Amino acid sequence: MSLKVIAFDADDTLWVNEPYFQETERKFCALLEDFLPHHTVSQELFKTEINNLSVYGYGVKGFMLSMIETALTVTDYNVRPEVIAKAIEYGKELLQKPIELLDGVQETLASLKDSYRLVVATKGDLLDQERKLKKSGLEHFFHHIEIMSDKKEADYLKLIKHLDIKPEEFMMIGNSIKSDVLPVLNIGGHAIHVPYHTTWLHEQIEHTLEHPNFRTAKHLNECVACITSL
């Protein structure tokens, strides 16, 4: 195998992300408990987020706007201004969360950087992801940073073209089968799935996957052995 580039997802692969969103969502649902039960507000927020993806994309800012829209719709526009202000405050707090690296990140990147070009390939808001990467202290490991509007086959092909490699020379490592694995395998690349203990509902799929270019690692530091086994 002539692997040249290894790309890493960022959120919930390199550092903690989804638990912060879930914490914020719980606080937001509590704001509206006089109107609807928590689980119903959560369902309405999710529907709003999905409907808004094509407009706002992924990230905290889109999530913040979806909270505001949800607050308006579930209250039939009778929400107090203080609730809207709180939703905005929660979004700003989310943007300032500390960067908590997952186990084995530093060691894994250090062991691979001399043999491969390492890349960050992640979805989300440009400013927020750049901020997180800078605060993470991991920038020096990476040859290229790609903040993607989505992770479809066409998006990966665009990245591979930019890197001037063939699909079979590319590997993606991440926590989402839907975004980090299937599109890459479909274009002829390699992928390693590193599950995280919690995943956003939009990224969850029931999929039994067998493919010669696919591996699963329980933790990121197992990826080095997975790569050598390909």
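The values are calculated or read from the model by the stated rules, or taken from the named source; none is laboratory data. As the structure is a prediction and not an experimental result, all values here were calculated from the model. Please note: Cβ atoms are built from the backbone with ideal geometry, for glycine as well, and neighbour counts cover all protein chains shown.
Some observations on this one:
- Enumeration of residues in the stretch 47-101 that are more than 15 Å from D11 (Cβ to Cβ) and of a type in the set (F, W, Y): Y56, Y77, Y90
- Residue match in the stretch 58-68 (condition: crowded, with 19+ Cβ neighbours inside 10 Å and at positive phi): yes
- Qualifying residue in the stretch 119-131 (condition: in contact with a strand residue (DSSP E or B) (Cβ under 7 Å, 6 or more places away or on another chain), surrounded by fewer than 18 Cβ atoms within 10 Å (Cβ to Cβ) and modelled with pLDDT of 95 or more): no
- Residues of the stretch 38-52 that turn out to be surrounded by 15 or more Cβ atoms within 10 Å (Cβ to Cβ) and either among the charged types (D, E, K, R) or touching a residue at least 24 places away in the same chain (Cβ under 8 Å) (or both), as a count: 6
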